[in-house]
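Notes follow once the structure below has been shown.
The values are calculated or read from the model by the stated rules, or taken from the named source; none is laboratory data. Note that the coordinates shown come from a computational prediction; the quantities given were computed from them, not determined experimentally. Using ideal geometry, Cβ is built from the backbone for each residue, glycine included, and neighbour counts are taken over all protein chains shown.
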Amino acid sequence: MCPSPCPLCGAVDSYVLPVAGKQYHRCQACELVWLDASGHLAPAAEKAVYDGHDNQVDDPRYRAFLMRAFGEVLSRVPLPASGLDFGCGPGPALVAMGTEAGYEMAGYDKFYADFPELLTRQYDFITSTEVIEHIAEPRAVLDGLWGCLKPGGILVLQTQRVLSDERFRSWRYRHDPTHIVFFAEASFRALAARWQADVLFPHADVAVITKP
């Protein structure tokens, strides 16, 4: 079997990582792990999983969770500024948090706020919390977001990072059937290098990439 090209860096040096009856692939160049397409849910089934989430805009625990990403915006992006929350979901709490802080905010979600024109505008910052692990073609999507970012802007990505193959096999994060792509620190470093950008890791599940 020929190695599958990495959907993030494009390298063709992956190996198969079978886990619990599913076939994953791991890139030896950027360390990304992705589920084989044969294991992906149909869009309707995927949305049904998201419909079951109970993320309320005013839930203090949910806001505290989002603050790991949004806190990076507050500390790095002075007002006035505009931001996009990519994958805002049915309860766009981060959009509300940004608006309350004085930012001009927009929220995009392919299931709940599908307004493609938002992806043609320019922003001072873009956040995406617990979203990129659901995206089958991360390179295309992230390149698109990067193109929406103004020079000097920041892209804040929150997702749990994969470590070793051994820990991946017993990782609870893998059990969500909508989680199909798993980033390592090396994955973000490869992405930033391709963009000729700087990347920081202020939290175990947050990466901040600054556009030159």
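Tabulated data for the structure shown
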| item | result |
| --- | --- |
| Any hit, the stretch 22-35, residues being in a loop (DSSP other than H, G, I, E, B), surrounded by fewer than 16 Cβ atoms within 10 Å (Cβ to Cβ) and touching an Asp or Glu at 6+ places or on another chain (Cβ under 8 Å) | yes |
| Yes/no for V141 being closer than 17 Å to E46 by Cβ, without any contact (Cβ under 8 Å) to a residue 24 or more places away in the chain and of a type in the set (A, V, I, L, M) | yes |
| Yes/no for A136 being surrounded by fewer than 21 Cβ atoms within 10 Å (Cβ to Cβ) and either free of Cβ contacts under 8 Å to residues at least 60 places away in the same chain or in contact with a Leu (Cβ under 7 Å, 6 or more places away or on another chain) (or both) | no |
| Complete set of residues in the stretch 73-98 that are over 17 Å from D54 (Cα atoms), touching a residue at least 12 places away in the same chain (Cβ under 8 Å) and more than 17 Å from the chain's Cα centre (by Cα) | L74, R76, V77, L79, P80, A81, S82, M97, G98 |
| Test: residue in the stretch 56-79 that is surrounded by fewer than 19 Cβ atoms within 10 Å (Cβ to Cβ), small (G, A, S) and touching a helix residue (DSSP H, G or I) at 6+ places or on another chain (Cβ under 9 Å) | no |
| Among (1) over 20 Å from A11 (Cβ atoms); (2) free of Cβ contacts under 8 Å to residues at least 24 places away in the same chain; (3) surrounded by fewer than 19 Cβ atoms within 10 Å (Cβ to Cβ), the one test that T178 misses | (2) |
| Residues (surrounded by fewer than 21 Cβ atoms within 10 Å (Cβ to Cβ) and touching a strand residue (DSSP E or B) at 6+ places or on another chain (Cβ under 9 Å)) located in the stretch 160-169 | Q160, R161, D165, F168, R169 |
| Selected residue [among the small types (G, A, S), surrounded by 22 or more Cβ atoms within 10 Å (Cβ to Cβ), at pLDDT 95 or above and at positive phi] from G102, G107, G83, G87 | G87 |
| Candidates L142, L157, L191 - the one that is crowded, with 19+ Cβ neighbours inside 10 Å, under 13 Å from the mean Cα position of the chain (by Cα), modelled with pLDDT of 95 or more and within 21 Å of Y15 (Cα to Cα) | L191 |
